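Structure first, commentary second.
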Amino acid sequence: MKVIKRDDSVVEFDKNKIATAIKKANEALEFEKDRATDAQINEIVDEIASLHRRRILVEDIQDMVEEKLMELQKFQLMKEYILYRYERALIRKANTTDESILSLIKNKNKDVMEENSNKNARTASTQRDLIAGEVSKDLTRRILLPEKISKAHDEGVLHFHDADYFLQPIFNCCLINIKDMLDNGTVMNGKMIESPKSFQTACTITTQIIASVASSQYGGQSVNVAHLGKYLRLTRQKYEAQCDEQFGDNVDKETKKKFVDMRLQESLKAGVQTIQYQINTLMTTNGQSPFVTLFLYLDEKDEYIEENAMIVEEILKQRYQGIKNEKGVYVTPAFPKLIYVLDENNCLKGGKYDYLTKLAVKCSSKRLYPDYISAKKMREHYEGNVFSPMGCRSFLSPWKDEEGNYKFEGRFNQGVVSVNLPQIGILAKGDEKKFWQIFEERMQLCFEAIMCRHNALKGVTSDVSPVHWQYGAIARLQPGEKIDKFLFGGYSSISLGYIGLYEVTKLVKGVSHTQPEGTEFALKVMQSLRDHCDKWKKETNIGFALYGTPAESLCYRFAKIDAEKYGIIEDVTDKGYYTNSYHVDVRENIDAFSKFTFESQFQKISSGGAISYVEIPNMRHNLTAIEDVVRFIYDNIQYAEFNTKSDYCHVCGFDGEIIINDDNEWECPVCHNKDQRKMNVTRRTCGYLGENFWNVGKTKEIKARVLHL
């Protein structure tokens, strides 16, 4: 039996420690009649040991001891035992971070080091942030959160996201109001940044804004590149004026146009390259590259749509090429993430900009990005609006300003708390009535946890992050002015996440949520989650949103906790992971079109954030199939992404597709490495993020631990 201590460390169950604690309390009693005998102490200890649970919280053990002492009517002893617990708690409150911090410095704290793939936990700058995070988590667990919320997090009842930043008065993610900051200027590090006069300067300022914003929040950010179209036109006009000034009437119009087009293309390429390289080489105060998404949308109502088409094309071309690593090999950069919007003008049905979508498909086949959003479906779900999700893939709700105009940029998410749905199903033991009873209790607990996030931001002044609150990223408040008005009225969102709709359906109904009976139940669960968010929003005037949490690590955390606590349950805890949000389990035999059709009904309910994935085998040689899926996305689902084989050579850094050579061996197409131990050949089917292992035969087949692919 494993015991989970208050600092989240795991130790072997030791019944002698329980006996020692009771005996210590015994010694403090004056009268023999108030004490427990050795036989009674052994009985208490043996009864706890006989539980044979795989996982138990130390607080649960202590609660059981108190209950047994009460049954024995040893009230004075129980009082002394409680006092003993209290004294030990005071000692613990002095410091609980030593071990986790020292193990981090020694590169042994795998949970922290592997939590964020975008952070190199071995560098000093990143370790500073991680050390601060450990302190924040410790204070959050012991002091800042109510004890029942901390306990619920430790038990996997819910997940209190980003506890490593909860100590600071900062929020999750946002849509930067880049238009305001570029058009009206901004301030960074106390220096005035005026509105740019050219495309390249606008790109440079944009990356500076991105880095500054990332340093003062913990989640992702999104930038609509359509606001750069204006500055590309300014650059064209500048080159036209220079050409006229330089050559006058000595050069014909066609020659002038060729000259201007050539110079403009050079500026376009340099500007986009600035964005890509700056984002990937800048380090924020969080010890990582900025977590940023570029939103690629060609709006027919945009006067700069032609310039924006040029910008989108260049972004896709450069992403397809990749960025050189330290060995000079082109690799896929982690950021910026790209989201490409499908509309009537580019949905591969004869639209003017279909050529860009074909380029996006080609890019996806090699680099997995961009993701795809259907403008058609978004308009159905968000009152006719099309807008970017925030960097964390959560969506805002429609909101109008005082003039009645919809506003999305300059808004943000206050934070996230996610509920473990499968655990409710495990506790219900197939009893649907009991499921809903526990579900309601868990919803109340989630509400209280989410309100902790909200209350932590109340009363915060604009001085905490001038780039956000004073210089345009979110607002233009005065120094010392409180941000409270942006926390209410739906201006910002605050999210209820959820994990494991597939597993909870299996537990309660005995079938997958893709089966008719299961679908009915799953939709009922989803609608109830949404109804709670809507009810809380009405009661509090806070923008509660239902968020399909794209948190792969959380899928493993919840499953691991439940497996240890409740044992191995077929098709639930035996897999080592829970399915993400409403997703279809990866082992179900379902084609891409059916999967998207099925999952789209849940995306509409989960309007605070939802994304669906399909895997396309051999993507680089299957462009026609990807194009077919893209057409389908436009008509059927709001937000989708492709997965495929993901290979990596540890010799040269190549992260494309490892080839099978004429000798039927794996071979890196760049450095021609054939040593399988220096290659990572896996699949993104199940989302497993750990190391692969050799199969029993020690052949060239390497298997992913979860699905053995």
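Looking at segment 580-611 only, could you name the residues that are surrounded by fewer than 23 Cβ atoms within 10 Å (Cβ to Cβ), within 19 Å of GLU517 (Cα to Cα) and among the hydroxyl-bearing types (Ser, Thr, Tyr)?
SER594, THR597, SER600
Which pairs do you get when a residue that is more than 12 Å from GLN276 (Cβ to Cβ) and assigned to a loop (DSSP other than H, G, I, E, B), found in segment 322-337, comes within reach of a residue that is among the β-branched types (Val, Ile, Thr) and open to solvent by less than 40 Å² (accessible area, probe 1.4 Å), reach meaning Cβ atoms under 8 angstrom, with the pair 6+ apart or on two chains?
ASN325/VAL331
Condition check: in a loop (DSSP other than H, G, I, E, B), open to solvent by less than 20 Å² (accessible area, probe 1.4 Å), in contact (Cβ under 8 Å) with a residue 24 or more places away in the chain and under 23 Å from SER418 (Cβ atoms). Does GLY497 satisfy that?
Spelling it out, it is not the case that GLY497 is in a loop (DSSP other than H, G, I, E, B), open to solvent by less than 20 Å² (accessible area, probe 1.4 Å), in contact (Cβ under 8 Å) with a residue 24 or more places away in the chain and under 23 Å from SER418 (Cβ atoms).
Just for segment 147-167: of the residues that are of a type outside the set (Asp, Glu) and surrounded by fewer than 19 Cβ atoms within 10 Å (Cβ to Cβ), which one is nearest to HIS454 (Cα to Cα)?
LEU167
Which is surrounded by fewer than 23 Cβ atoms within 10 Å (Cβ to Cβ) and over 22 Å from the mean Cα position of the chain (by Cα), of ILE131, ILE193, ILE170, ILE178?
ILE193
What's the total number of residues in segment 274-304 that are open to solvent by 20 Å² or more (accessible area, probe 1.4 Å) and closer than 25 Å to LYS358 by Cβ?
The total comes to 6.
Take the conditions surrounded by fewer than 16 Cβ atoms within 10 Å (Cβ to Cβ), at pLDDT 95 or above and not in a loop (DSSP other than H, G, I, E, B) and apply them to LYS376. Does it pass?
no
Considering segment 42-60 alone, what residues qualify as being assigned to a helix (DSSP H, G or I) and out of contact with any Lys or Arg (no Cβ under 6 Å at 6 or more places or on another chain)?
ASN42, GLU43, ASP46, GLU47, ILE48, GLU59, ASP60, listed by residue number.
Which of the numbered conditions does ALA39 fail, given that it passes all the others? Conditions: (1) open to solvent by 30 Å² or more (accessible area, probe 1.4 Å); (2) in contact with a Lys or Arg (Cβ under 9 Å, 6 or more places away or on another chain).
With respect to (1) open to solvent by 30 Å² or more (accessible area, probe 1.4 Å); (2) in contact with a Lys or Arg (Cβ under 9 Å, 6 or more places away or on another chain), ALA39 is out only on (2).
Would you check if LEU182 is touching a helix residue (DSSP H, G or I) at 6+ places or on another chain (Cβ under 7 Å), closer than 25 Å to PRO479 by Cα, part of a helix (DSSP H, G or I) and not basic (Lys, Arg)?
It is true that LEU182 is touching a helix residue (DSSP H, G or I) at 6+ places or on another chain (Cβ under 7 Å), closer than 25 Å to PRO479 by Cα, part of a helix (DSSP H, G or I) and not basic (Lys, Arg).
Tell me the residue from ARG530, ARG476 that is assigned to a helix (DSSP H, G or I) and open to solvent by 20 Å² or more (accessible area, probe 1.4 Å), please.
ARG530
The values are calculated or read from the model by the stated rules, or taken from the named source; none is laboratory data. None of the values given here were measured: they were computed from a predicted structure. Don't worry about glycine lacking a Cβ; one is built from the backbone with ideal geometry, like all the others, and counts go over all protein chains shown. The accessibility values were calculated without ligands, DNA or RNA, using every heavy atom of the protein model including side chains. Shrake-Rupley method; radii C 1.70, N 1.55, O 1.52, S 1.80 Å.
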